[in-house]
Amino acid sequence: MTTKLKPPKSVAMILGQIAGNLEFLQACERNMPKGKRIVAVRADSAAYQAAIFNRCEVTGKLFAICADQDAAVKAAIAGIPESDWKRSATERSPRRSIA
């Protein structure tokens, strides 16, 4: 059996994807029907980028973006006071909370 390995992504390719995520969000904003706006963004870890977080903050969007739960992420989550956690308004699962 032979295995083909994918070549590693180049820095330019990775940076292109980062820019592409922000550009995609901005294009969606521009193309919303008149009088409508995007109020929430949900994305996988490919959108785990400061540019996306900043765009959501600046434009007042709620956002949920998946992240690898490495030591730094776990430490940040542990540092959120219990009083800051709230049930999600649209939550279907009773186990999920937002902060």
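Taking θ = phi - 60°, what integer Hz values does the Karplus form 6.51 cos²θ - 1.76 cosθ + 1.60 yield along region 36-41, in sequence order, with x for Gly and Pro?
Result, rounded to whole Hz: 10, 8, 7, 9, 8, 10.
Using θ = phi - 60° and the Karplus form 6.51 cos²θ - 1.76 cosθ + 1.60, what ³J(HN,Hα) does each residue of region 43-49 get, whole Hz, x for Gly and Pro?
8, 7, 5, 5, 9, 6, 9
When the Kirkwood radius is taken over all Cα pairs of region 37-84, what Stokes-Einstein diffusion coefficient follows at 20 °C and 1.002 mPa s, in µm²/s?
Numbers: Rh = 11.9 Å.
Once the numbers are plugged in, D ends up at 180 µm²/s.
For the ranges 54-66, 31-43, what's the packing order if you count other beta-carbon atoms within 10 Å of each residue, average per peptide, and put the highest first?
Details: 54-66: 13.7, 31-43: 9.8.
Going from most to least packed, we get 54-66, 31-43.
Can you quote the Å³ per residue value for the convex hull of the Cα atoms in region 17-63, rounded to an integer?
Details: hull volume 3.1 nm³, N = 47.
That works out to 66 Å³ per residue.
Show the residues, 5+ positions off or on another chain, whose built amide H is closer than 5 Å to the amide H of residue 63.
41
All of the numbers you see were taken from the coordinates with simple rules; none came from a lab. Quantities reported herein were computed from a predicted structural model and do not represent experimental measurements. All Cβ positions, even for glycine, are placed from backbone atoms using ideal geometry, and neighbour counts span all protein chains on display.
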